[in-house]
Structures are given as C-alpha cells and as structure tokens.
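Shown next, in structure tokens, is the structure this report addresses.
Every read-out reported here was derived from the displayed coordinates using simple, explicitly stated rules and does not represent laboratory data. Note that this is a predicted model, so its numbers are computed, not measured. Ideal geometry is used to build each Cβ from the backbone, glycine not excepted, and the neighbour counts take in all protein chains shown.
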Amino acid sequence: MRVLFFILILSLSFKGSSQHVDVWLGAKMDGVHYLDNGNNVQIWGYGYYSPGLWVASLPGPTLEFTQGDSVNLFFINSSPEHHTIHLHGLDVSTDEDGVPTTSFSVGPGDTAEYNFVAANPGGYLYHCHVLTTLHLTMGMYGMIVIKATETNKMYNGGPSYTSTYTFLNSDMDESINTNPLSPGPFNEFKTDYFMVNGLSGNQLYNSVPNHVSAYSGDSVLLRIGNIAYTKVEYIFPEELNAKAYMSDGRVLPMSFDCDTLVIYPGERYSILLVPTADTDEDIKVNSYEMRNDQLESTNLIRLNPNLGIPTKSNQIVSYYPNPSNGLMYFISENPNEKLEIFDLKGAMVYQEYVNGNSIILDLTALQNGTYVLRYLDESYKIILQK
Ligand SMILES: [Cu+2]
C-alpha cells in the first residue's frame, strides 16, 4: 500500500510536465548598437548574464517558456543606476512585476529575483520601469514568448504551425542615445529610428534570421509585439491569408483576417500565415507618428527569398516551356554535367545527367509549384503548372 501511494505521488508530480526554469538576466549601460545609417550608438540593455564576459543587446534576448513553467528570473544589475524588469502583460502578482513603486527597484551591483508561473501562451514584453521613457529608448526591452504545452500549437486546442518567428517593433530618438544625461523634455521626443528586432532598412532586409519562409502548404506562426512610441502597421501579401488568433496573451473570441494589422504601443498579436500560393512580395511594416498619424517610415521583412532568383535564359542554357506542364526541354552548350532541381525548402527533388546538348526533363512526378534548377553552379527559377 505504501509503495502504491509512493508511485501515485511520483506519477502525479510528473504528469503536469511543468518545469522549474532559472533565467539569469543582467543589465548594463555600456552597450553599443549599430544602426543602418552607419552610426553606432550607446545603449542600455539586457543580456544573458554569465560570470565572465556578457553583453547587453537591443532588443534584449527573447525569453521563451512553456505554459505551466515555474520561472525564477534572476536579475543582476551590473550598472551604476537603478533598473527593474517589468513583465508587461504577464499574469504575475503586483509585487513581482517590476514597477518600482508597487514592486521593487534594483540598485547598482544588486541582484534580485522575480518569480512567476508562465500561465498563458502568447507574446509578452519586458522592459525597465525606472524613468521608463528614457530607459526604453536607450534599449532596455525584450520579448517573452510562452509556448502552449501541446507541441506546435499556437495554444492548446488551437491551430497548428510548422514554423514560427518573433518580431519586436521598437524605435529610438538617436539624439537621446547620443546624449542620455540631458535628454530634454519628452514631449519633444522625436523618433527617428524604426526597428524590427533591432534592425531597420537594409540591415533588416538582408538579415537571414529575419527572412520569413512561408510557402503554400506551410502554416507559419508570427508573434509580433510593439514596444515603440509609434503605432506600427503590418501589411501582409494577400497570398499569405494572414489571420489573427490571439492578442495580448489571450485567445480572441473570434479570429479575424488581417492583411493589414495595426499594433499600438504595448500590444502583441499572434498571427497565422497559411499561404495558398507562393509569393516573394515582402511584408511591409509602416510606422506612424503618434501625434499627427503621419507615416514616418517603412521597413520590409523579406519573404521567401528563394523565389527571388531571376528567371535566366541566355545562350549557354535555355529551358522551356516555363511554366511547364511536366515536360521541359533543357538545352546547354556545356553538356555532360549533373543537373539538379530543389524545392524551395532546399530539398533535392530531381536529378539528371545532361548527356547531350538537349534533353527532356520529366517532372510529372513533382507537385505544382516553384523550384530551383541548378546547373554548372547557376540557379534558375522554374515553375510547374500541370
Ligand atoms: Cu532601467
């Protein structure tokens, strides 16, 4: 009987699969951030703390938990000023949420601890709540993602996804980062830098981790947050069928189509992309000045870069028809090499030895869609439409 009881207790304690998670986050005021205009500016920020060398980044690391996790967030203030970690939108008690007047503030060189349970899946924010306007624009913020306990579900019982990306929008008044000790009145705050995951312009567009792959057949979860002083507007190509299911850490009563989605400061959305056709039109991110609602800046998140390979047809290689209904002529002045065809995820789906100047490719076994043909170190875009 005693053994049975012991087994029961053991199985109960494992059944919830909730984990104890320790995270060590530090704050520093000597970080450097490189801007798309070529300038590097001083930042104050968070970073994963380690006893050796560690750096603060803008944004701070994305903290990921699973629903039910019991979290000990240790905060090491390695800077000469007070800071906190405000857990924006998380279901935590007031004394753990990092607002100095109702929670606590962490002095220079001090270590503190925030304890909470990751209650609800979704996207959240964290930021310093000491002189918030100044400490925010200096870079003290990051994103928190709580995953559902059901694998690859947006929330338990919710839609499934095959891949996921996190986008945090923020902005900066560069003059304040250059001179934080006399920032001037904040009603004159003039945002001049608009970022997605800390990057803007070409920096963002060329950043491979921020390229979104969403081809027909995929379902892609985007967790998007806005910690800027400006509202942002996401414009998704209509082929992506963007749909919002969650906002601010809760499931919406009704999901809605959102080819255009406005996100105000402090808000977070969980979006599912279920493309019905392949497109490489980029995702547009517009930022608007809050005082007069004027468009201030447009950033582009690159979508499906593999579709961007130009359709080449020169004297050395030609192939037709393209689009093809399954059979395609391939002609080369340099035969006797291997030809390979890849799908857009990089998997090789066809290969053939080109044993003559002209061969016929039988692609009838492949599904309709866009592929990349490789021959003699060159890539060619081909389309199958049966
Ligand atoms: Cu701070």
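Listed values, structure above:
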{"quantity": "Among Pro100, Thr111, Asn37 the positive-end extreme of the charge dipole of segment 20-147 (Cβ point charges)", "calculated": "Asn37"}
{"quantity": "GNM result for the chain, Cα springs below 10 Å: residue of Asn210, Asn368, Asn306 fluctuating most strongly", "calculated": "Asn368"}
{"quantity": "Estimated [θ] at 222 nm from DSSP helical runs (n ≥ 4, -39500 (n - 2.57)) normalised by residues in the chain, nearest 500", "calculated": "-2000 deg cm²/dmol"}
{"quantity": "Listed peptides 182-191, 23-32 by packing density, highest first (mean Cβ within 10 Å)", "calculated": "23-32, 182-191"}
{"quantity": "Partners for Lys243 among aspartates and glutamates (Cα-Cα distance below 13 Å; same-chain residues under 8 apart left out)", "calculated": "Asp257, Asp259"}
{"quantity": "For the chain, built as a Gaussian network whose Cα springs stay under 10 Å, the top-fluctuating residue of Gly369, Gly201, Gly45", "calculated": "Gly369"}
{"quantity": "Under 5 Å, built H, 5+ apart or other chain: amide partners of Thr66", "calculated": "Lys147"}
{"quantity": "Cα gyration tensor category, rounded, prolate or oblate, for segment 33-182 with a/c compared to 1.5", "calculated": "oblate"}
{"quantity": "Which of His211, Pro185, Trp24, positive extreme of dipole for the chain (C-beta unit charges)", "calculated": "Trp24"}
{"quantity": "Under the Debye formula (equal points on every Cα, no solvent term), log10 I(q)/I(0) of the chain at q = 0.09, 0.11 Å⁻¹", "calculated": "-0.65, -0.87"}
{"quantity": "Size of electric dipole in segment 163-307: Cβ of Lys, Arg +1 and of Asp, Glu -1, about Cα centre, debye, nearest 20", "calculated": "440 debye"}
{"quantity": "Packing rank of 69-80, 220-231, where each peptide gets the mean count of other beta carbons within 10 Å, highest leading", "calculated": "220-231, 69-80"}
{"quantity": "Fully extended contour minus Cα-Cα distance, from Tyr264 to Glu352, at 0.36 nm per residue", "calculated": "26.4 nm"}
{"quantity": "Dipole of the chain, positive direction: furthest Cα of Leu295, Tyr161, Val220, with charges on the beta-carbon", "calculated": "Tyr161"}
{"quantity": "Cut-off under 5 Å, modelled amide H: who pairs with Gly249 long-range", "calculated": "Gly123"}
{"quantity": "Fewest-first sequence of His83, His211 by Cβ atoms within 10 Å of each Cβ", "calculated": "His211, His83"}
{"quantity": "GNM result for the chain, Cα springs below 10 Å: residue of Leu136, Leu63, Leu303 fluctuating most strongly", "calculated": "Leu63"}
{"quantity": "Added length on full extension, which subtracts the Cα-Cα distance from 0.36 nm per residue, Val23 to Asn72", "calculated": "17.0 nm"}
{"quantity": "J(HN,Hα) series, segment 59-64, from Karplus relation 6.51 cos²θ - 1.76 cosθ + 1.60, nearest Hz, glycine and proline x", "calculated": "x, x, x, 6, 8, 10"}
{"quantity": "Amide H contacts of Thr162 (H built 1.01 Å from N, under 5 Å, at least 5 apart or other chain)", "calculated": "Ser219, Val220, Leu221"}
{"quantity": "Efficiency of FRET between Phe186 and Asp91 - r from beta-carbon atoms, R0 22 angstrom, step 0.05", "calculated": "0.15"}
{"quantity": "Kirkwood Rh (inverse of mean 1/r, distinct Cα pairs), segment 309-384, angstrom", "calculated": "12.2 Å"}
